[in-house]
Amino acid sequence: MIYIKKLLLILLFIPLIVCAQDTENYYGYSDLTIDYDFGTTVTMSGSGSLDYLKASLNLFPKESGRQEILSLNPSSNPNSKITEGDFIEYYWTEFSSNYEIGLASRVKTSNIIYKIEGIQFPIQDLDPELEEYTLPGETIDINDDIINQAQEIVAGETDLYSAVFKLADWTKKHIDYDLNTLTAKAALPSSWVLENGEGVCDEITSLFISFSRSVGIPARFVSGSAYTNVDHAFGNHGWAEVYFPGYGWVPYDVTFGEFGWLNPAHVDLFRSFDSSDAAIKYSWLGNGIDVNLGELSVEANVLSEGDIIEPVFDLNLDVLVDEVAPGSYVPFMVTVDNPYNKFTYDGVRISKVPSDVDELFKPVLLRPGLESNLFWIVRVPDNKPSGYIYTSTIESVDIFGSVSSDTFRFADDQGYKFISEEEAMEMISKLEEQEDKSYSDVLSLDCDPSKSYYYDFETVYVTCDVKNTGAGGINGLNICFKDDCKSISLSVDQSEEIDFEIIPNSSNLVFSAKNGDIELYSFVKISLLDEPDLSFSDISYPKKVDYDEEFVVKFTLSSKAKVDNLKLKLGSSKSFDIDKNEETVNIEASVVGKYFLTNKLIFKFDYDDEYGNSHSLEELKPIAVDNIPWYGKIIRGFKLILEKGKEVYYSL
């Protein structure tokens, strides 16, 4: 008998059209337990014979530093010989019209904060075993355009962590996530993605890996599954891992903006040199039969969550212009403080804002022991009724649950300045330019004010701690605030404190340390007040009451500075004293509906600052008062006449 031998090799990669999209649902958990199941089929037809059918599965959960395999159970129907190793092999020698390949697994993924020591870039003396991961692949290709762009991105960078962050950040900002027909059907090479500026998760990741490899940084592709906010389920996804000498492989999900960190709703399945490497390979030997391969079926579900992680980084949101005209563009800044003496990552999301902003979520590079700043611009509403002063809140939250907020005011009749978009961008551009020069390998500059807030008539006292962190002496170093400079020299490991007395005209203070070789900046944000800036929030009360009904008004009262002799009057009720010894206090006040006949819940605060100057704050909220007797209606008429033209503050 003569056999016609046929060998069929088919590469099946995770379907590209279902790339997961970012979600923050599981960011704050210490770990997740996830069930991951996989299945596919092979069908055969014809009257011939089969010697064997073999399926080699690469796409299954692997043990790693962030992922523990709790169970791994491959299955098949009809029964096959199953061999487990670097891949799972299913082997049949009997003909069947239908073969089922399955895998049931359970994994525990951990929320790891990767903290990396400073490592010289370009990398020196790379382990020869890792050189493979600096070479081009079929899809992760490297051409002159990729090399030139990567070199431009990392030009002048001397630290590896910073260089990788810049490559990831450029890729996310300049490559659009686009599920168009062309990119959905097949993975396109990195050179195409760079030229066209679009791709899906695997292509965005491939370009980032191409960038990294082109400048000598080892990187590899990870196929997996990640939770998606498209349909609130796990979806196929691809990300990267980058090798840091002396530390190991660190994950980078450029599509999600997770640079050197991975949220725990990621299941690692298959690490490969190229994104086109096979997830499952088939081979068969037989005669007179037809083979059809089924689709890959994947299902993953979170079985349980670990503990909620306590906030890791201190967050501080500052609005850079506190009072503006309607329609203005208000720049604001979020500062993240790194408590570790190593490089690491955080991500910040704007959770409350009066109108849309570009990029609600931004990743941030955290340098050892330093603060890092992120900047946004928000447009102020211009369609509010005139004659009022409006207060608006902006709030930010990071991936580990730290929250910070700040407020600003806008009005059309208070002489507040109009800030154009160009002016707002210029403010941010200057700060970003100096931000790029806020870290040095040989010098640290840390400036702090003597207290947290100042009034605009006070002198601000700032102390700058300057330390030589390099291996040689530093001479002729000028420590300056504007034109006020002190010249010092520092020997190795020497530090010195420099004091400044400042009459400020801005709440943003910039200090510099310069000589012919060094240019370093330190940023100080002070609360510069003309009054204690009393405000209240989290207001709770019934929106509809009867004339004689007694009810409770609850709210949170806060101020940026100390206040004394604080009194509150609600509507026409008697005023009462509030003892405010803390920055924030919770208040409950019992009142009656007849105090608010004009359907306005008016809050009237009178108070003194710490210098004895008197201040007041008046704001209102809507309330409906029903069942008013005839004499109450007469009183209401007089009150409406008296209130006409009165200045009132509204909170948004």
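The values are calculated or read from the model by the stated rules, or taken from the named source; none is laboratory data. Everything numeric here is computed off the predicted structure, so don't read it as measured data. Glycine also receives a Cβ, built like all others from the backbone with ideal geometry; neighbour counts cover every protein chain displayed.
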Would you check if Ser506 is over 16 Å from Leu477 (Cα atoms), part of a strand (DSSP E or B) and among the small types (Gly, Ala, Ser)?
no
Looking only at residues that are in contact with a Ser or Thr (Cβ under 6 Å, 6 or more places away or on another chain) and outside any strand (DSSP E or B) in region 289-304, which one is modelled with the highest pLDDT?
Gly294
What number of residues within region 347-365 satisfy the criterion of being closer than 22 Å to Thr393 by Cβ and part of a strand (DSSP E or B)?
9
In the list Phe165, Phe208, which residue meets the criterion of being within 21 Å of the chain's Cα centre (by Cα), under 23 Å from Asp277 (Cβ atoms) and either at pLDDT 85 or above or among the aromatic types (Phe, Trp, Tyr) (or both)?
Phe208
Just to be sure before I move on: is Asn508 within 26 Å of Ile428 (Cα to Cα) and touching a Gly at 6+ places or on another chain (Cβ under 8 Å) in the structure I sent?
no
Condition met for Gly470 (modelled with pLDDT under 90, closer than 26 Å to Val442 by Cα and either surrounded by 13 or more Cβ atoms within 10 Å (Cβ to Cβ) or not assigned by TED's automatic domain parsing to the domain that holds Phe596 (or both))
yes
Please determine, by comparing only the residues of region 339-363 that are of a type in the set (S, T, N, Q) and in contact (Cβ under 8 Å) with a residue 40 or more places away in the chain, which one is surrounded by the fewest Cβ atoms within 10 Å (Cβ to Cβ).
Ser351
Subset of region 525-548, residues of a type in the set (A, V, I, L, M, F, W, C), closer than 16 Å to Thr459 by Cα and modelled with pLDDT of 85 or more, comes to Leu529
So Lys384 passes all but one of these: (1) assigned to a strand (DSSP E or B); (2) among the charged types (D, E, K, R); (3) more than 30 Å from Phe244 (Cα to Cα). Which condition number does it fail?
(1)
Every pair of residues 6+ apart whose Cβ atoms lie under 6 Å, when the first sits in region 453-476 and is in contact (Cβ under 8 Å) with a residue 40 or more places away in the chain while the second is among the aromatic types (Phe, Trp, Tyr) and buried (at least 17 other Cβ atoms within 10 Å of the Cβ):
Val460/Tyr454; Val462/Phe500; Cys464/Phe511
Just for strands (runs of 3 or more DSSP E) wholly inside region 35-118: which have at least 1 residues that are surrounded by fewer than 16 Cβ atoms within 10 Å (Cβ to Cβ) and among the aromatic types (Phe, Trp, Tyr)?
49-57, 88-92
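The rows are residues; the columns are (1) on the phi > 0 side of the Ramachandran plot; (2) among the hydroxyl-bearing types (Ser, Thr, Tyr).
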position	(1), (2)
Gly401	yes, no
Ser405	no, yes
Arg409	no, no
Asp412	no, no
Ile428	no, no
Glu432	no, no
Cys447	no, no
Asp456	no, no
Cys464	no, no
